[in-house]
Amino acid sequence: MKERLDVFFETLTEEPKDYIDRLEASALQNGEPVVCRPARALLKYLLRTKKPERVLEIGTAVGYSALFMKEYLPRSAAITTIEKVPARIEQASDNFARYDEHNQIRLIGGDAREILPELSAAGNCYDFIFMDAAKGQYINFLPDVLTMLNAGGVLMSDNILHGGDILQSRYAVTRRDRTIHSRMRQYLKTISSHPCLETICLPVGDGVALSTKIKTEGLMAHEETGDTGTGK
Ligand code: SAM
């Protein structure tokens, strides 16, 4: 049923530029990760309606979603995207050199666990943050992400269902996936109950959480008391 729905909804969505679908096909052929089409449609909807000027993406892979986002943002908007795997950084750089004709995308190579605190300490702020990296790390990225998200800004967290595992009891998932399972559950609980966020979890693709920063007061107080809202 869900697949039929996705296929049907896809017939209603506007086709992106040809190069976007070519990039998607070649990434999939090479086993590189790309945002799935239902989540891509939601991304486009949010960018077109919110019109963010400053976008942060955590998890570039080969640059497919950054280029997709660029197509639906004004020319004045800027995207910063972070990737840690060297081969992907190289491929993403090539793709940006080819398709980002107005240099709207800035790629930062390195581990987001180190880069996010640096961006935050430098006073960077974003209107839209696309969290699409290692699922077990979302909870660790959250304090800096929340600091950098502007009031009224949106955090989109992708793959929150982790292929459906998150719905299962901890003991029904393989031992290897148990850490991701508990960290993702902790993440979802945190963003759903955080006083500065209004969050909705949607069964789009592999699950997407949308969180809007509804207020900033309290965020610093949480940080000062050591309670960053991450439950740590
Ligand atoms: N957003 C991409 C797209 O749709 O085209 C797909 C991103 S893929 C799901 C996740 C990416 O995050 C991988 O390329 C992975 O190497 C990267 N990643 C995972 N953990 C990371 C970290 N701690 N810092 C930076 N990149 C990370």
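Give me Asp158, Asp206 ranked fewest to most by other Cβ atoms within 10 Å of their Cβ, as a rough exposure proxy.
Working: Asp158 25, Asp206 18.
Listed from fewest to most nearby Cβ atoms, that is Asp206, Asp158.
Compute the relative contact order of segment 125-189 as a whole-number percentage, counting only Cα pairs closer than 8 Å that sit 6 or more residues apart in sequence.
Working: 69 pairs, mean separation 26.5, N = 65.
Taking the mean separation of contacting Cα pairs over the length of segment 125-189, I get 41 percent.
Under a crude label model (7 Å from the Cα following the beta-carbon direction), how far is Arg185 from Thr11 in nanometres?
Each label point is offset 7 Å from its Cα along the Cβ direction, giving 4.0 nm.
Which of the pairs Lys44/Lys84; Lys17/Lys189; Lys2/Lys213; Lys50/Lys189; Lys2/Lys215 have their Cα atoms more than 27 Å apart in this structure?
The answer is Lys17/Lys189; Lys2/Lys213; Lys2/Lys215.
For a footprinting-style exposure proxy, rank Lys135, Lys50, Lys84 by other Cβ within 10 Å, fewest first. Intermediate values should be presented prior to the final figure.
Details: Lys135 26, Lys50 16, Lys84 19.
The most exposed by this proxy come first: Lys50, Lys84, Lys135.
Packing-wise, with mean Cβ within 10 Å as the measure, how do 32-39, 176-183 rank, highest first? It would help to have the intermediate numbers written out before the result.
Details: 32-39: 19.1, 176-183: 15.1.
Averaged packing, sorted descending, gives the order 32-39, 176-183.
Using Cβ contacts closer than 10 Å as the measure, can you line up Ile58, Ile115, Ile200 from fewest to most?
Values: Ile58 24, Ile115 19, Ile200 10.
With the fewest neighbours first, Ile58, Ile115, Ile200 line up as Ile200, Ile115, Ile58.
Using only the alpha carbon atoms of the chain, find the Kirkwood hydrodynamic radius as the inverse mean reciprocal pair distance, in angstroms to one decimal. Don't skip to the end; give the middle numbers.
Details: mean 1/r = 0.0550 Å⁻¹.
For the chain, inverting the mean 1/r across all distinct Cα pairs yields 18.2 Å.
With the contact rule set at Cα under 8 Å and sequence spacing of 6 or more, what percent relative contact order holds for segment 53-142? Let's see the in-between values first.
Values: 141 pairs, mean separation 35.3, N = 90.
Relative contact order, segment 53-142: 39 percent.
Averaging sequence separations of C-alpha pairs under 8 Å and six or more residues apart, then dividing by the length of segment 2-224, give the relative contact order as a whole percent.
On the way: 349 pairs, mean separation 36.0, N = 223.
RCO, segment 2-224: 16 percent.
Computed from the coordinates by the stated procedures, all read-outs in this text should not be read as laboratory data. Just so it is clear, the structure is predicted and the values come from calculations on it, not from any experiment. Here Cβ is always computed from backbone atoms with ideal geometry, including for glycine, and neighbour counts include all displayed protein chains.
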